[in-house]
Amino acid sequence: MPDPNVNTLPGVSYVMPVLNEVTHVRAAVDSLLAQDYAGPFEVTIALGPSIDGTTELVEELAAVDDRIRVVENVVGSTPAGLNLAIRESQYPIVIRVDAHSVLPPEYARIAVETMLETGADNVGGLMDAQGTTDFERAVARAYGSRVGLGGTKLHVGGEAGPAETVYLGVFRRDRLLEVGLFDEEIKRGQDWELNRRIRTAGGTVWFTPRLKVTYRPRPNLYRLARQFFSTGIWRGELARRFPASNGLRYFAPPVMVVGVTVGTLLGLGGIVQAAVGAAPWLLWGFAAPLLYVLVVVVSALVWGRRDGFRPFLWFLVVLPCIHFSWGIGFVLGYLSLTRNITAHTGR
């Protein structure tokens with residue numbers, strides 16, 4: 001007879017790439033140690049060349065808990081760190097963790113249960129952005145609005161079922177090795193590209209709203225713009241590499257950027273026409289930027305005002321920052337004008 005005291009749950013390996021994340025990494029690691037999953041686990045941190053005290057902090061965490069190990073990620077990029085941590089791990093289920101994320105206590109348990117029930121190769125859920133300042137609250141609200149990041153399930157939720165991609169991901173280790181792990185040439189959007197290969201190989205990517213991960217947004221406008229410019233560059237690169245695999249929503253920000261830019265230039269041309277006494281028909285070009293301003297204001301009234309007046313004002317700035325940074329980056333990436341930039345945009 002089987003021994004009821006023997007734990008038959010599969011072991012899980014948490015893998016987390018870290019680079020200059022001293023503010024967030026402790027909370028992320030603490031959330032892993034607080035999981036209510038009854039199976040064995042390990043935490044592997046791929047440490048990039050940090051200069052903000054992250055190195056000392058993760059070494060301190062590893063020194064007091066032998067379930068935590070630190071491996072050196074000399075390259076420093078996210079996909080390189082993930083692959084390094086996966087290769088150094090031992091258990092059959094791999095749980096990707098971001099240094100900006102805080103996993104709820106039931107996360108691993110629900111993910112493993114869902115994986116065993118559905119037979120999926122990757123299970124993920126909702127990125128629940130939560131801010132602590134007025135600016136971060138505005139960013140979080142933009143993330144969770146349909147006009148902010150395209151209204152995908154991983155941002156706004158939805159019914160459980162097969163999906164194109166999911167936030168973070170809980171993977172079968174054997175499937176990861178089969179499809180070749182993360183593509184280290186792709187510094188952002190590597191999760192989408194990996195899930196594309198999993199689905200192409202006949203595997204299943206499964207979204208469940210039962211999984212909700214707290215995500216901490218960037219703390220200021222500069223870092224937010226830098227994040228989305230980099231993300232846009234790589235999304236443009238991916239759209240060019242895999243044209244048949246990209247939905248129309250990925251093209252909305254670059255189309256908006258081009259439309260607003262062309263419309264503004266035409267409108268300025270109309271002002272010149274009026275100045276020289278010609279019929280200022282080019283003034284109609286201003287319709288494009290005015291329409292976009294209307295979209296931003298209405299969106300702020302619908303979503304941005306839910307957190308108070310100051311987050312509402314920030315929402316009016318945050319939403320265009322996300323759209324324009326992402327859209328400009330997409331255009332540059334799609335036209336292959338950023339070869340030297342993309343080599344240095346891994347975070």
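The values are calculated or read from the model by the stated rules, or taken from the named source; none is laboratory data. A quick note: this is a predicted structure, and the numbers were derived from the prediction, not measured. So basically every Cβ, Gly included, is an ideal-geometry build from the backbone, and we count neighbours across all protein chains shown. Just the protein is used for accessible areas: all its heavy atoms, side chains included, with ligands, DNA and RNA removed. Shrake-Rupley method; radii C 1.70, N 1.55, O 1.52, S 1.80 Å.
Would you pick out the residues in region 65-86 that are within 21 Å of Ala111 (Cβ to Cβ) and loosely packed, with under 15 Cβ neighbours inside 10 Å? Scanning region 65-86 gives a single hit, Arg67.
Residues in region 221-228 include none that are basic (Lys, Arg) and not in a helix (DSSP H, G or I).
Residues in region 1-26 that are under 23 Å from the mean Cα position of the chain (by Cα), surrounded by fewer than 23 Cβ atoms within 10 Å (Cβ to Cβ) and modelled with pLDDT of 95 or more: Ser13 only. Within region 122-167, track down each residue that is among the hydrophobic types (A, V, I, L, M, F, W, C), closer than 19 Å to Met16 by Cβ and at pLDDT 90 or above. Residues satisfying the conditions are Val123, Val166. Contact map, region 198-213: first residue without any contact (Cβ under 8 Å) to a residue 40 or more places away in the chain, second residue basic (Lys, Arg), Cβ cut-off under 9 Å, separation 6 or more or different chains; pairs are Ala201/Arg175.
For region 241-250, give me each residue that is assigned to a helix (DSSP H, G or I) and surrounded by fewer than 17 Cβ atoms within 10 Å (Cβ to Cβ). Give the steps one after another, and end with the answer.
First, pick out the residues of region 241-250 that are assigned to a helix (DSSP H, G or I): 241, 243-245, 248-250.
Listed by number, the residues that qualify are Arg241, Pro243, Ala244, Ser245, Leu248, Arg249.
One residue stands out among those in region 94-130 that are part of a loop (DSSP other than H, G, I, E, B) and farther than 19 Å from Arg26 by Cβ: the one that is least open to solvent (accessible area, probe 1.4 Å), which is Ala120. In summary, helices (runs of 4 or more DSSP H) completely within region 257-347 and bearing 1 or more residues that are modelled with pLDDT of 90 or more and under 22 Å from Arg218 (Cβ atoms) occur at 287-302, 309-334.
Among the residues of region 131-143, what is the count of those that are open to solvent by less than 40 Å² (accessible area, probe 1.4 Å) and assigned to a helix (DSSP H, G or I)? Please lay out each step first, then the result.
Step one: of region 131-143, the residues open to solvent by less than 40 Å² (accessible area, probe 1.4 Å) are 131, 135-136, 138-140, 142-143.
Among the residues that remain, those that are also assigned to a helix (DSSP H, G or I) are: 135-136, 138-140, 142-143.
Of the residues in region 131-143, 7 are open to solvent by less than 40 Å² (accessible area, probe 1.4 Å) and assigned to a helix (DSSP H, G or I).
Applying the set (1) open to solvent by 80 Å² or more (accessible area, probe 1.4 Å); (2) in contact with a Pro (Cβ under 9 Å, 6 or more places away or on another chain) to Gly236 leaves exactly one unmet item: (1).
Does any residue of region 188-196 turn out to be part of a helix (DSSP H, G or I), touching a Pro at 6+ places or on another chain (Cβ under 7 Å), polar (S, T, N, Q) and surrounded by fewer than 21 Cβ atoms within 10 Å (Cβ to Cβ)?
So far as region 188-196 goes, no, none of its residues is part of a helix (DSSP H, G or I), touching a Pro at 6+ places or on another chain (Cβ under 7 Å), polar (S, T, N, Q) and surrounded by fewer than 21 Cβ atoms within 10 Å (Cβ to Cβ).
Only a single criterion out of (1) without any contact (Cβ under 8 Å) to a residue 60 or more places away in the chain; (2) open to solvent by 10 Å² or more (accessible area, probe 1.4 Å) is not satisfied by Val29, namely (2).
From the list Arg210, Arg172, Arg146, Arg218, which residue is among the basic types (Lys, Arg), under 19 Å from Asn83 (Cα atoms), open to solvent by 30 Å² or more (accessible area, probe 1.4 Å) and out of contact with any strand residue (DSSP E or B) (no Cβ under 6 Å at 6 or more places or on another chain)?
Arg172
Which residue pairs have Cβ atoms closer than 8 Å, lie 6 or more positions apart in sequence or on different chains, and pair a first residue in region 48-66 that is closer than 13 Å to Glu21 by Cβ with a second residue that is polar (S, T, N, Q) and open to solvent by 30 Å² or more (accessible area, probe 1.4 Å)? Correct list of pairs: Gly48/Asn20; Ser50/Asn20; Ile51/Asn20; Asp52/Asn20; Thr54/Asn20. Kindly indicate the residue of region 32-52 that is more than 22 Å from Pro79 (Cα to Cα) and either of a type outside the set (D, E, K, R) or in contact with a Ser or Thr (Cβ under 8 Å, 6 or more places away or on another chain) (or both) and also least open to solvent (accessible area, probe 1.4 Å) among those meeting that condition. The extreme case among them is Gly39. Counting only residues that are assigned to a strand (DSSP E or B) and among the acidic types (Asp, Glu), region 48-92 holds 1 of them.
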